[in-house]
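The values are calculated or read from the model by the stated rules, or taken from the named source; none is laboratory data. None of these values were measured; they are calculated from a predicted model. Here the Cβ positions follow ideal geometry from the backbone for every residue, glycine too, while neighbour counts run over all protein chains shown.
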Amino acid sequence: MINNRKSLSDSQVSELRRIVGEDNVRTGDADCWALSRDMWPKTVLWTRHGNAPHMPDAVVLPSSTAEVSALLKWAENERVAVTPYGAGSGVCGGGVPLAGGIVIDMKRMNRLLKIDRDNMCIDVEPGIYGERLERMLNSQGLTHGHFPSSIYCSSVGGYVAARSAGQASSRYGKMEDMLIGMEIVLPGGEIIETSALPSSTARPELNQIFLGSEGTLGIITRVRMRIHTLATERRYLAYHFPGVKAGLDAMRHIMQSGLQPAVLRLYDEFDTIIAGTHGAPGPQEETAIVEQRSRFEIMMDDLFSYMKKSSLKSVLKHPSLLNSAIRRLPAKCLLVIVCEGDKVQAEREARLIAGICRPLAMTDLGEGPARYWEKHRYKISYKQSKVFDAGAWVDTMEVAVKWSEVEKLYQAVRRAVHKKVFIMAHFSHAYVDGCCIYFSFSRASAGPDAELADYDDTWRTALRTVHENGGTITHHHGVGCNKAPFMPDEYGALKNMYVKIKNELDPHGIMNPGKLLPDSGMAKEFRP
Amino acid sequence: MKIDGYSLLATVNCAEKPSAIEGELRKSAFTFGLGIIENEYALKDYLHGEALLDPYISGADAAGLCASITVRLPDGRTQKSVETPRSAAGPDLRFLILGSGFNGGTIEECALRIRHLPEKHMAATYIAKDLKTAIDTLRIRVQNFNAPAWLRLTLPGDSEQARLSFGFEGASQLCEGHFEDFCKACSAGGLSRAQAPAGYPDGEHNVIGAPPLFDSTDATHRAEFQLSLALSWKNCAGFMLEAGRRSAGIYYQQSVLCKAFHHAAIISMHAYSSGMRGWVSDEARELCGLAQKYSGRVLELIDLGGGNPDLKKFIPSDPLFERIRRAI
């Protein structure tokens, strides 16, 4: 069932074709359906229910800043809604064209324009995929240092638009640290550039206003970002800790002592079992881990493996039972660490980190689990979860909070959704003052209507709990549609500043209507 | 002041002067990395961008020191931004207030990122045959995760040689390791270890903070304005050399590369008129023009004398920022 589709007139489509070329305007159902959704799990549920509620009228593929400018000028004059689209890996619905109109697909703007070795930065077009860019840089002994698990199916423009973070953010930073400057086309077609030099506080930093704006203020057409010399050495460490608190203490001490490991990931008790089951390291280490596991844990592993194959859905209908069983597990949490740089840096960092971890850990697991994690680091994101095949649903929620509130927030969210979904978490993206908690949750609902109701109810409960416990509702996935209802609480009275900027830059509300804030800048005719 | 030693955050009243905050923090064995401040303003003045704060951490800007801010908005409401290490929840609206010159509201409180007082401090001074060699050595270390806690790179006197002084600090083993890496790179780049200038620490020491930006012992001229600008690494040497050459006939100035980022550096300069004070505007205009020639971004232009015209008018405005300023 295709809903909500309005057609552009023939003359409007002709004008679009004049701007970007005949082949680069797609109006067929298949193209429009494909770009009516991204990787937001709710769009998977829509598809499962045979629904495509937010089809665009056309998909347009520009190849230059000039074409993007002409498109936005046209869209503003015609009052046509515009949804910018990168690679479509977003998991919050930022790419869903809620108001129809045109989707501007940036995939043709995918060139690496310039490598500047003196200033160690690159100029790239936004449509280039992360993995391809990394390969191009690696061939010259360089890296961008941004390794989201979606690297095979995500693009630079999306990283900037949603304030992305990669798995090595503790060393290389998050996108706001990596971005140096950008070119943006504003609604109406004006092309602007943000400064590529530090502001120190003497001027407001305009990069920070467009970062995370998710296409609501304009379209990013060029990005200048940091690069680094490719690391020549890596050191791998892994430990079991007697519970989340001890593991978090180790992470905090590491970051607050000035160390910058590339990867720090602490798994909670159940996520540790998953990591242990899948993450069985090299043969020797695997034997060591298995020997240390209790019979109960092995039984749970077997049960989970069994569930995955056959009756996952029926088990996920009773999340509270599963959560209660997990709570009875003996506490054991896996911390995976990767240090990198030149030989001296990597060795020194690994030695100092080992000195912090050993007194707090139960078991030194050697290199195996971290090596295994690295080998499989991109295995999950670019495939749809098998949980959907089993008739259930799964989603992830990544929040950030200061160290003094991490454990409290983690426990509070678990308690809040305990009866609604099966839940587990890991802790990553560590900073001096806090870290990200990455929750995964899953449930099998009683039918299509219940599925959407359970999904929305779980998110509402979880995000409200995050705010009540001092966290931010997103660390690196962005806001999109999914979290937009919580942005008024996130911004508080500062929200009006965003609304004023939105109204100034996009007076007709054509840019990605309905995203970030539910109603801001969204003209009545675009409201979903 | 409320200190969260677990998260290394201190909630402070922004009407306080930074040195008072730093003094209070040090009583509890913390610091937010403040160097020596002259003509001190309240913390809120620095955060609003009315003055340039010089935390001695070489790659840090003052905005990066704040995990959150509490703002009194023009409509009278008070709002605290979410206090988290990072967020992806839309544009970071703190940046409309930090550096806005009080346009978006008044910062009343902030959560400063703090650190434990370092266990160890190590400093050294090296001389390079020319400015480019010194800048390249520094740049490569900073780009390879080996940035010092503070640095001062300058051209002393009329010499072609450049002088690079730097300091590391932190946990003992890490500090020693980073210091050693940096010194090895200096030697490999052909720089020679030299005696530290007067007032600068050398070797292992116990001095907290960075040495002063400018040599106050030069009593022959009186500083009349201070210019700070950001330049890409590629343009630093060119600007510093040309500014030095131009100074001979009109004014005398000291320029110091004092902060190093991955892709850029910040240079501060003191200008001294060799003639009548009425020339200050001409000199400021000329230096801002020179900054523009090297694609620099003027961050601050402070009148250090009395009764001179407002020098800020020489800082080129950003049309988009002006548009946003009007909107909010």
- Query: Are any of the residues in the range B:44-65 touching an Asp or Glu at 6+ places or on another chain (Cβ under 7 Å) and either modelled with pLDDT of 85 or more or more than 9 Å from chain A (Cβ to nearest Cβ) (or both)?
  - Reply: no
> Would it be correct to say that A:Ser213 is assigned to a loop (DSSP other than H, G, I, E, B), of a type outside the set (Val, Ile, Thr), within 24 Å of B:Gly99 (Cβ to Cβ) and modelled with pLDDT under 95?
Replying inline: no
Across the range A:135-179, the tally of residues that are charged (D, E, K, R) and under 24 Å from A:Gly215 (Cβ atoms) stands at 4
Pairing a residue in the range A:89-102 that is in contact (Cβ under 8 Å) with a residue 40 or more places away in the chain and assigned by TED's automatic domain parsing to the domain that holds A:Pro56 with any residue that is assigned to a loop (DSSP other than H, G, I, E, B) and of a type in the set (Phe, Trp, Tyr), where Cβ atoms lie under 9 Å and the two sit 6 or more apart in sequence or on different chains, gives A:Ser89/A:Tyr382; A:Gly90/A:Trp40; A:Val91/A:Trp40; A:Cys92/A:Trp40; A:Gly93/A:Trp40; A:Gly94/A:Trp40; A:Gly95/A:Trp40; A:Val96/A:Trp40
Apart from one, (1) at pLDDT 80 or above; (2) more than 25 Å from B:Asp136 (Cα to Cα) all hold for B:His263; the odd one out is (2)
Kindly check whether there is at least one residue in the range B:223-234 that is surrounded by fewer than 20 Cβ atoms within 10 Å (Cβ to Cβ) and modelled with pLDDT of 75 or more.
yes
Take B:Leu164 and tell me if it is surrounded by 23 or more Cβ atoms within 10 Å (Cβ to Cβ), touching a residue at least 60 places away in the same chain (Cβ under 8 Å), more than 10 Å from chain A (Cβ to nearest Cβ) and not hydroxyl-bearing (Ser, Thr, Tyr).
no
Item to complete: Kindly indicate whether any position in the range A:416-433 is away from every other protein chain (no Cβ under 14 Å) and in a helix (DSSP H, G or I).
Response: yes
Exactly one of A:Ala361, A:Ala331, A:Ala354 is more than 30 Å from A:Glu233 (Cα to Cα), more than 28 Å from the chain's Cα centre (by Cα) and touching a residue at least 40 places away in the same chain (Cβ under 8 Å), and that residue is A:Ala331
When the range A:53-82 is checked residue by residue, the ones that are crowded, with 19+ Cβ neighbours inside 10 Å and either small (Gly, Ala, Ser) or assigned to a loop (DSSP other than H, G, I, E, B) (or both) are A:His54, A:Met55, A:Pro56, A:Asp57, A:Ala58, A:Leu61, A:Pro62, A:Ser69, A:Ala70, A:Ala75, A:Val80, A:Ala81
Say whether the condition of being surrounded by fewer than 23 Cβ atoms within 10 Å (Cβ to Cβ), of a type in the set (Lys, Arg) and part of a loop (DSSP other than H, G, I, E, B) is met by at least one residue in the range A:110-125.
yes
Counted residues in the range A:164-209 being in contact (Cβ under 8 Å) with a residue 40 or more places away in the chain, more than 17 Å from A:Cys436 (Cβ to Cβ) and facing another protein chain (nearest Cβ under 7 Å) come to 2
Scanning the range A:83-109 residue by residue, the ones that are under 16 Å from A:Ser14 (Cα atoms) and part of a loop (DSSP other than H, G, I, E, B) total 1
Going through the range A:481-493 in order, the residues found to be more than 8 Å from every other protein chain (Cβ to nearest Cβ) and either over 17 Å from A:Leu409 (Cβ atoms) or in a loop (DSSP other than H, G, I, E, B) (or both) are A:Cys481, A:Asn482, A:Ala484, A:Pro485, A:Pro488
Every listed condition ((1) surrounded by fewer than 23 Cβ atoms within 10 Å (Cβ to Cβ); (2) under 19 Å from the mean Cα position of the chain (by Cα); (3) β-branched (Val, Ile, Thr)) holds for B:Thr106 save (2)
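Residue-by-condition table, conditions (1) over 30 Å from B:Arg323 (Cβ atoms); (2) assigned to a helix (DSSP H, G or I):
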{"position": "A:Ser445", "(1), (2)": "yes, no"}
{"position": "A:Leu452", "(1), (2)": "yes, yes"}
{"position": "A:Gly470", "(1), (2)": "yes, no"}
{"position": "A:Val479", "(1), (2)": "no, no"}
{"position": "A:Lys495", "(1), (2)": "no, yes"}
{"position": "A:Lys502", "(1), (2)": "no, yes"}
Scanning the range A:148-171 for residues that are more than 11 Å from the chain's Cα centre (by Cα) and closer than 21 Å to A:Pro261 by Cα gives A:Ala168, A:Ser169, A:Ser170, A:Arg171
Within the range A:126-151, residues in a strand (DSSP E or B), under 26 Å from A:Arg26 (Cβ atoms) and among the β-branched types (Val, Ile, Thr) come out as none
Only one of A:Tyr491, A:Tyr455, A:Tyr498 is under 28 Å from A:Leu321 (Cα atoms) and aromatic (Phe, Trp, Tyr), namely A:Tyr455
Worksheet entry | A:Ala161 touching a residue at least 40 places away in the same chain (Cβ under 8 Å), surrounded by 22 or more Cβ atoms within 10 Å (Cβ to Cβ) and under 30 Å from B:Ile135 (Cα atoms) | no
Answer with yes or no whether A:Met106 is surrounded by 19 or more Cβ atoms within 10 Å (Cβ to Cβ), closer than 29 Å to A:Met251 by Cα and touching a strand residue (DSSP E or B) at 6+ places or on another chain (Cβ under 9 Å).
no
The number of residues in the range B:70-97 that are of a type in the set (A, V, I, L, M, F, W, C), within 16 Å of B:Val12 (Cα to Cα) and either touching a residue at least 40 places away in the same chain (Cβ under 8 Å) or at the interface with another protein chain (Cβ under 7 Å from one of its Cβ atoms) (or both) is 1
B:Arg297 fails exactly one of (1) at pLDDT 80 or above; (2) crowded, with 21+ Cβ neighbours inside 10 Å; (3) more than 14 Å from chain A (Cβ to nearest Cβ), namely (3)
Note on B:Lys120: of the conditions (1) out of contact with any Pro (no Cβ under 9 Å at 6 or more places or on another chain); (2) surrounded by 22 or more Cβ atoms within 10 Å (Cβ to Cβ), unmet is (2)
(request) Take A:Gly447 and decide whether it is at pLDDT below 95 and assigned by TED's automatic domain parsing to the domain that holds A:Phe427. (result) yes
Condition met for A:His253 (facing chain B (nearest Cβ under 8 Å) and either surrounded by fewer than 24 Cβ atoms within 10 Å (Cβ to Cβ) or modelled with pLDDT under 90 (or both)): no
Of the residues in the range B:120-157, those that are of a type in the set (Asp, Glu) and either outside any helix (DSSP H, G or I) or in contact with a Leu (Cβ under 8 Å, 6 or more places away or on another chain) (or both) come to B:Asp130
Taking the conditions exactly as written (in contact with a Leu (Cβ under 7 Å, 6 or more places away or on another chain), outside any strand (DSSP E or B), away from chain A (no Cβ under 14 Å) and hydrophobic (A, V, I, L, M, F, W, C)), does B:Ala196 satisfy them or not? no
